[in-house]
Structures are given as C-alpha cells and as structure tokens.
1. Of the residues B:Ser152, B:Ser100, B:Ser112, which single one is more than 8 Å from chain A (Cβ to nearest Cβ) and open to solvent by 30 Å² or more (accessible area, probe 1.4 Å)?
2. Go through region B:123-142 and give me each residue that's open to solvent by 30 Å² or more (accessible area, probe 1.4 Å) and at the interface with chain A (Cβ under 8 Å from one of its Cβ atoms).
3. Give the residues of region B:190-225 that are in a strand (DSSP E or B), open to solvent by less than 70 Å² (accessible area, probe 1.4 Å), over 18 Å from B:Val235 (Cα atoms) and without any contact (Cβ under 8 Å) to a residue 60 or more places away in the chain, sorted by residue number.
4. In region A:70-111, what residues are of a type in the set (Lys, Arg) and out of contact with any Asp or Glu (no Cβ under 7 Å at 6 or more places or on another chain)?
5. If you go through region A:179-235 one residue at a time, how many are of a type in the set (Ser, Thr, Tyr) and surrounded by 24 or more Cβ atoms within 10 Å (Cβ to Cβ)?
6. Which one of these is open to solvent by 20 Å² or more (accessible area, probe 1.4 Å), modelled with pLDDT of 95 or more and either within 11 Å of another protein chain (Cβ to nearest Cβ) or under 19 Å from the mean Cα position of the chain (by Cα) (or both): A:Ala164, A:Ala101?
7. In this structure, is A:Gln42 open to solvent by 30 Å² or more (accessible area, probe 1.4 Å) and in contact with a strand residue (DSSP E or B) (Cβ under 9 Å, 6 or more places away or on another chain)?
8. Name every residue in region B:162-194 that is within 14 Å of another protein chain (Cβ to nearest Cβ) and of a type in the set (D, E, K, R), in order of residue number.
Amino acid sequence: MTTPTKPKLKTSAMIASFAEPGQKTASAPFGEALARLADTDQRVVGLSADLAKYTDMHVFRDAHPERFFQMGMAEQLLFGAAAGMAEVGLIPFASTYSVFASRRAYDFIALDIAEPNLNVNVVGGLPGLTTGYGPSHQATEDIAIFRGMPNLTIVDPCDSVDIAQAVPQLAASAGPTYLRLLRGKVPTILDEYDYSFELGKAKVVRPGNDVVFVSSGLMTMRALQAAERLAAHRIDVAVVHTPTIKPFDEETVLRELDTPRLALTLENHTVVGGCSRRSPPPWCVAEPPAASCPSRCPTASSTREPCRRCTSAMASRPM
Amino acid sequence: MTTATASDRARRIRDSAHRIRLNALHMGEVQGQGYVGQALGAADVLAAVYLDQLRHRADDPHWDDRDRFLLSTGHYAIALYAALAEAGVIPQEELDTYGSDDSRLPMSGMASYTPGMEISGGSLGHGLTVAVGMALGLRHQGSDARVFTFLSDGELNEGSTWESAMGAASHRLGNLTALVDMNALQADGPTADVLSLEPAEDKWASFGWRTQRVDGNDPEAILAAFDAIDDRDPVGAPQVILFDVKVGKGVPLLEDREKNHFMRIDEHEWAISREQLIAGYEGANR
C-alpha cells in the first residue's frame, strides 16, 4: 500500500518575478539602464541600503564599482547621504524596498531631498503586491504616502520597456523622483504597441470603443491582457497607461474619460490615496457619469473571483 | 592665521564670540524671543569655525571648493546668523530682520533662505546623514574640501545620528568632522534625565571615530582641538569634538536661571543681560 502523494503546496512568498511562464522578459532592466546611463554621465552614482542585490542595483555596482556606495541597512542615512551627494553635484539613484523608503525614511526624503528640490532618484522595490512576504514588505500605500511630498515626481512603470526608457529621463529631470521598481526578470510588453515612455505623459496604449481602462504600473500589463480576453467577447477595451502618477497627466486622462464608455481604474495600490481616488472628481463632471470600479487585484488571474461591482456595472450597460 | 601667535588667535575668537553673543541678544530682543541660551553657549565654537577654520569666500558662499558647515540644529540659526555676519557673508544690519516675515533669516535655519546656510536642519538627526553624503561625494570628486557638521547632545537621541556614525566610520571619512554642542539640555529638561547619553565620548569612539572632548567656552581649548584634527588622510577615521558648553554663557542672569530649552526673557531683562555680557567681557579683558 502506498501513501497518497500530498498535493504540492504553492508558495508566493519568495517569488523573484511575476512574469508568466513563457512570457518575454528582460533581466534587471533598471540596473542595466542605470549602468548604461553611467557610461556616458560621470555624475551618476548608486547607493543602496543592503538591498543592492534585490533591487537590481548590483548590475550598476558591478559595472561601476567606484560609483556605488553601500549605506548598510540604514535608510535614513541612505537618503540623507543621497541628498548630500546631490548637494555636491552628483546624480544619485538610491535603492531600497518601497516600504522602507516610504515608511522608514519619509522625513529624510521630504526635508533633505524634496524640499530643496534635489536631483535624487529614489528607487523602491516590491511596490504594491509584488511579493508574498506580507505587509512588512508590501508597499500597498507608498503612492498615498508620497503623493503629498512637494516636488517629488512619481513613476509607476509597467514593464522593462518603461523602466529602460524612464531611467535616463529621471536623471535628466532636475528634481527628485520616486520609481516603483519592477525587478529581476521583468516582463516586456509595451514593445508590441506603438508606445514610448515620456515623463509626465499618459498614453493611450490601446484604443477601444466600449470600455476604457486607466492603469499604471504592472496593472497596465493586466489591463492589456484583460482587454485581449474581452475582445474575444466582442468588448472593445481601450487602455490608458499613466506611468507618471505625479504630476498626473489629467489632460489626457480626462479626455479619455469624457466619453460614454465604461471606465475602470486598475492600480497596484490601495484605493485610498491611489489613482482611482484621483480620477473621480473629473468623473463627476463628465457626461454621463460613468460607472467606476477600482480594481484591487494587481495579480488578478483566472483563479480570482471577478469583482461583483465591475461585472454588474458592465452587465447593466449596453455594449 | 599662520603668523598670528596662539594668544592672538584666541583673542580674535574671544572678541568675535562676544560680538556673536551681543548680536544674539539683540536679535532676541528685537523678536522678543529666540534660542538665546543656546546661542550664548555655542558662540565660541561658531566664532572659531568661521574666523579660524572654514575655507570659504564671503562674496561667493556657494564656491565649489568651500569647506561645508552644516547646521543640523536648525534652531541655533540665531547664532549662525551672527557668525555669518562675523564672516562677512551677510550684512550686519540684516540681523535686525531675524525671525520676521520676509526675512532671509528665519527662526529655524533654511538653506533656501540664507546665503551660507548649507542645509535646512531642525528636524533633528538629519545633518550628519547629509554630511556623510557630502563627504563621500567630495572625496569621490577629488575635492579636498572638508565637511563640518554642528549637532547637539540632544540630537544624539536620534537613531539616524548613529546610522550616520556607523556609515562615516565604515567609509572612513577622514574629511568629516562632527562638532557636538554638549549643553546638557533639551526640550523636556536636562539631557541626563531625558535620555541618558554618557559616556558620550566612549559611544563615538566605539563607533570608530577619533574623539576629543573639550571646554567649548574656552577659545584656547577650542583652537587646540581644531588643531588636533588630522584630516590630511582622506580615508582616515572621521572625527568628533564634543564641546561642553554652558547654556546662557556670558550672562550670569541667564546662566543661573532654571534652564529652559526655549528661554523666556522678560522685557526688562534684555538690557540687564546686555550689561552683564559687556561687563563680563570687559572684566576679562582688563
């Protein structure tokens, strides 16, 4: 008699990449882009708080060891020191996890970097729900925390294309920035669309007549996947990608919302203080008032239940 | 500096510190308030920094090769403004505007307002973190500029100070010197009661810093401590000087009163304070 084999348990706690099997990816696009940028700009330096290896900063470190500065597990020092380096004319990229940047070091980013409007680029790994490590590591409210910070530009890239194109633009922009980092093997999506990253701009990645998704970060990838599935059901979905969260490209987004299409927001973040709460005021003046459904499922997959409000809203509207 | 005798140097610091104290009292009186007690305590160290130590250009405060002086304790700005006037960075008469609306001299030091102010301190525990980055950056760029940070004993409560202390030692920032104003007083009372700090020098030493502890109201001792700084080795250990100072120094009325972080001075006491300060100074010079 043989013991029945136990079913293999699934673990999401240590995932290194949220790419799906077979999906096209690029390895460490942030580290590669930063190392390339540093080849031509001597002012670029990298710092990390004992997380170089886990924020793809190790690629920069290995390419430019004399310009990498290890600050240890000390986030207040990390960002204060980055400010000091910017004060003497360098262009620092300082990486840690988003939770630590936003929760542990807020005062240092606010007063030493943002208030004097220094060109320090804060790089935060594991934004939103991109780790199964639990609330200690999941930055589900980092955008809400950082949105009130003066001068700070916030970028939530979708994929490796976004990241590679964003890095030089972040360095070129004079003030401070916060990049929600996707690390490791990062999906490559947007190369299949007529798209380029422009700091401060939202882009209509995919046109559509029935529904408009407004999304940022990896949720744009989900939005594009959902749009393709819905196309099979003859629902024509537009996807508006808003990689720059602050300053928000209201002009483009408002133009896309000011139509009779059903509008949905998708973001890898709590709805409190996120983009879905950015959008409603304009919606209130839009004619007719569009139904809205903030999505809370950044890793939404076929295993998840559909959102009731969403499906009911869609069912009630003529397509 | 090189031709002056030791006593000439000290005399110059003593005279400058006296003017800083007079100006601090003046600014406090105009405003009716201010961190006068701290300013009186720190005047000698600041005079030595600006008249004897810092390599700077009064007419070009952002000259690239300048030594940096970071005021981490933003509320000591009243003393720093007086020192900047001593250094010729801001005009003497501008001190009258201290703390008033539209002044370049706000109550808490802010870099964007004041020429010669490197950082906006005030949220305590920031100065040393920024100083570590400046020292690293300057060394990386091949600059021999030195970085000084002025912090207070109360500020040593902040964990970020010790993150920076570790970082500076780990990176062997020989171009960085921390100046700690040990006035033994913070907002809620004596430092010893609020959060026990001593032995402070041992703490810095254990973090890998070269340490000195001197009387911060004695110009000869202050200069000797600065002279003992050895920053010719850019990858040497960072250095700290702990300056024991007396809150209200030079004004017996204020030295003796029950110590308060934000010292209340009644209207009629400003004139008495000034008279006492001048009498003490002239007495010492007699």
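The values are calculated or read from the model by the stated rules, or taken from the named source; none is laboratory data. Everything numeric in this text was worked out from a predicted model, so none of it was measured. With ideal geometry, Cβ positions are generated from the backbone for all residues, glycine too; neighbour counts draw on all protein chains shown. Just the protein is used for accessible areas: all its heavy atoms, side chains included, with ligands, DNA and RNA removed. Shrake-Rupley method; radii C 1.70, N 1.55, O 1.52, S 1.80 Å.
1. On the way: B:Ser152 fails: open to solvent by 30 Å² or more (accessible area, probe 1.4 Å); B:Ser112 fails: more than 8 Å from chain A (Cβ to nearest Cβ).
Residue meeting the stated conditions: B:Ser100.
2. Restricting attention to region B:123-142, the residues satisfying the condition of being open to solvent by 30 Å² or more (accessible area, probe 1.4 Å) are B:123-124, B:139-142.
Answer for region B:123-142, where residues must be open to solvent by 30 Å² or more (accessible area, probe 1.4 Å) and at the interface with chain A (Cβ under 8 Å from one of its Cβ atoms): B:Ser123, B:His140, B:Gln141.
3. Taking region B:190-225 first, the residues in a strand (DSSP E or B) are B:190, B:210-215.
Filter once more, keeping what is open to solvent by less than 70 Å² (accessible area, probe 1.4 Å): B:190, B:211-212, B:214.
Applying the additional criterion that residues be over 18 Å from B:Val235 (Cα atoms) yields B:190, B:212, B:214.
B:Gln212, B:Val214 - these are the residues of region B:190-225 that are in a strand (DSSP E or B), open to solvent by less than 70 Å² (accessible area, probe 1.4 Å), over 18 Å from B:Val235 (Cα atoms) and without any contact (Cβ under 8 Å) to a residue 60 or more places away in the chain.
4. A:Arg103
5. Step one: filter region A:179-235 for residues of a type in the set (Ser, Thr, Tyr), giving A:188, A:193, A:195-196, A:215-216, A:220.
Keeping just the survivors that are surrounded by 24 or more Cβ atoms within 10 Å (Cβ to Cβ) gives A:215-216, A:220.
The number of residues fulfilling the criteria is 3.
6. Working: A:Ala101 fails: open to solvent by 20 Å² or more (accessible area, probe 1.4 Å).
Of A:Ala164, A:Ala101, the one residue that is open to solvent by 20 Å² or more (accessible area, probe 1.4 Å), modelled with pLDDT of 95 or more and either within 11 Å of another protein chain (Cβ to nearest Cβ) or under 19 Å from the mean Cα position of the chain (by Cα) (or both) is A:Ala164.
7. Numbers: open to solvent by 30 Å² or more (accessible area, probe 1.4 Å): yes; in contact with a strand residue (DSSP E or B) (Cβ under 9 Å, 6 or more places away or on another chain): no.
No.
8. Within region B:162-194, B:Glu163, B:Arg172 meet the criteria.
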